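Working notes, beginning with the structure itself.
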Amino acid sequence: MPDSRTPLFGLPSPAERRRLADALRTETVGGIVLLAAAVVALLLANTPLSDAYESVSDFHFGVPALGLDLSVAHWASDGALTVFFFVAGIELKRELLTGELRRPAAAALPVVAAFCGMAVPALVYVAVNVVGGGDLDGWAVPMATDIAFALGVLAVIGTNLPSGIRAFLLTLAIVDDLGAIVVIAVFYTSGLDWLALGGALAGLALFWVLHHRTPVRGWYVYVPLGLVIWALMYNSGVHATIAGVAMGMLLRVRLRKGADGAPDEEVSPAEHIEHLVRPLSAGFVVPLFALFAAGVGVSGSALAETVRQPEGLGVVLGLFAGKILGVFGGTYLAARFTRARLNPDLSWPDVAGVSMLAGIGFTVSLLVSELAFTDAETMERVKAAVLVGSLLSALCAGVLLRMRDKKYRKLWEDETRDEDLDGIADIDQDEDPVTRPAEARRRAEARERERAARAEGEAESGPDGTRPGGG
């Protein structure tokens, strides 16, 4: 009887694979630039240039009359990072309406894994800080996954891993971003200015009308309108990046159809705009944020103090252990108690590797650190903890997935080897030690392993085929 359960990490549709490849190319390059920006920030903060670095970071400019007199660091986190969340909004809407998340059976899997991957790290943080008497406001810091960094690590490891791993990681991060957006909007918003919020909502309504009900498409209309919406959202007390998410989700992701019912455009406005904006987000905006957010002291004493304090220890354990337990555990529960099943091309060590990668929480974790703590010393300590937890996750994931990559590369080599150059893979032909010696050795080794396993099983069984001491 055929297995009707939904495959876990199955091969995406052709359209999804194309979008995934585009995203991987940009996010991989962006991850490398992001890593470089983080390294530069750490060097600036831990060298004689630290005073100049702090002066630039704290330098204020803007329009005070509009409530926009911000430091350079705040312009990077509250302003530029809005572009990152704008792209996240587009991705989220596309996945919900036209992607894998539109099907409940497929959506349930990454949603369960992402939810557990957010809840468990938060619970780990809370548990550590309840026991240690720390500040509970940082419970959301270890919840987020940095997709650019994670995909960058995945790209460095190798290209032989199944595409399902990358597809799942990207989908997991999209759901994770949604969770982070909700957390920021609900738990890190204070002192609402209802007039400014009403203005921002009116601006979003105008944005929707112009986009869906008029032929207006010029950037010279939408960019100024977007800036007004952002400024009103900032002054409302809601974190300004929420404006980016809202505008991204208002874009049309489905193709417009003509009178005959066939699409009369090659790409949707959302996909076209995302194609233009994503390189700006991954290659400039997020690295700019990292440049001013990742500059924390990393001396031996500072790192020791980080893990001695409950806030820092909670973040490190939340990212490193909480993410692994949450994502892997959620995936296992979904496969164990629902109709989902693990794709035959993958194994649970692959899932463990993805779960470790999910512990790389950089961009959003650093942002939440700034929102959660008002004490500068605690904030610096927690930021250092984010770097430590992310580094541990990246290193462990790199080791495990590198081993998996070697295994998949060997499988690919075995499946495509053609020693006799007859155009037919050796694995599909009869054994011939003369013309196909490598394949003959592989089969002989497989038979030897099978005989050893059978002999071991017989040794553990009694004469009647039962195990000694069995019933």
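Structure summary
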{"read-out": "Tally of residues being of a type in the set (Gly, Ala, Ser) and surrounded by fewer than 24 Cβ atoms within 10 Å (Cβ to Cβ) across the stretch 351-370", "value": "1"}
{"read-out": "Those residues of the stretch 64-83 which are exposed (fewer than 15 other Cβ atoms within 10 Å of the Cβ) and of a type in the set (D, E, K, R), in sequence order", "value": "Asp69"}
{"read-out": "Evaluation of Val216 against (1) β-branched (Val, Ile, Thr); (2) under 27 Å from Ser77 (Cβ atoms); (3) not in a helix (DSSP H, G or I) (one fails), failing number", "value": "(2)"}
{"read-out": "Of residues in the stretch 251-283 being free of Cβ contacts under 8 Å to residues at least 60 places away in the same chain and part of a helix (DSSP H, G or I), the one surrounded by the fewest Cβ atoms within 10 Å (Cβ to Cβ)", "value": "Leu276"}
{"read-out": "So Ala358, is it at pLDDT below 85 and small (Gly, Ala, Ser)", "value": "no"}
{"read-out": "Condition check for Leu395: open to solvent by 50 Å² or more (accessible area, probe 1.4 Å) and assigned to a helix (DSSP H, G or I)", "value": "yes"}
{"read-out": "Residue under evaluation Thr374, criteria (1) among the hydroxyl-bearing types (Ser, Thr, Tyr); (2) over 16 Å from the mean Cα position of the chain (by Cα); (3) buried (at least 17 other Cβ atoms within 10 Å of the Cβ), criterion not met", "value": "(3)"}
{"read-out": "Which numbered condition Phe61 fails, given (1) part of a helix (DSSP H, G or I); (2) closer than 28 Å to Val285 by Cβ; (3) open to solvent by 40 Å² or more (accessible area, probe 1.4 Å)", "value": "(1)"}
{"read-out": "Among (1) free of Cβ contacts under 8 Å to residues at least 60 places away in the same chain; (2) surrounded by fewer than 17 Cβ atoms within 10 Å (Cβ to Cβ) - the single one Ala200 does not satisfy", "value": "(2)"}
{"read-out": "Scope the stretch 293-326; condition assigned to a helix (DSSP H, G or I), modelled with pLDDT under 85 and open to solvent by 20 Å² or more (accessible area, probe 1.4 Å); matching residues", "value": "Gly300, Ser301, Ala302, Leu303, Ala304, Glu305, Val307"}
{"read-out": "Neighbours by Cβ (under 9 Å, 6+ apart or cross-chain): first from the stretch 327-346, within 13 Å of Val112 (Cβ to Cβ); second at pLDDT 70 or above and open to solvent by 90 Å² or more (accessible area, probe 1.4 Å)", "value": "Gly330/Phe115"}
{"read-out": "Failed criterion for Val382 (all others in (1) open to solvent by less than 10 Å² (accessible area, probe 1.4 Å); (2) under 18 Å from the mean Cα position of the chain (by Cα); (3) at pLDDT 85 or above hold)", "value": "(2)"}
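This table checks each residue for (1) touching a helix residue (DSSP H, G or I) at 6+ places or on another chain (Cβ under 8 Å); (2) modelled with pLDDT under 95; (3) closer than 24 Å to Leu70 by Cβ.
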{"position": "Arg213", "(1), (2), (3)": "no, yes, no"}
{"position": "Val216", "(1), (2), (3)": "yes, yes, no"}
{"position": "Leu232", "(1), (2), (3)": "yes, yes, yes"}
{"position": "Ser236", "(1), (2), (3)": "yes, yes, yes"}
{"position": "Ile242", "(1), (2), (3)": "yes, yes, yes"}
{"position": "Ala246", "(1), (2), (3)": "yes, yes, yes"}
{"position": "Leu251", "(1), (2), (3)": "yes, yes, no"}
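The values are calculated or read from the model by the stated rules, or taken from the named source; none is laboratory data. These figures come from a predicted structure and were not determined experimentally. A quick note on method: Cβ atoms are made from the backbone with ideal geometry, for glycine too, and the neighbour counts reach across all protein chains shown. Side chains included, ligands, DNA and RNA excluded: accessible areas come from the protein's heavy atoms. Shrake-Rupley method; radii C 1.70, N 1.55, O 1.52, S 1.80 Å.
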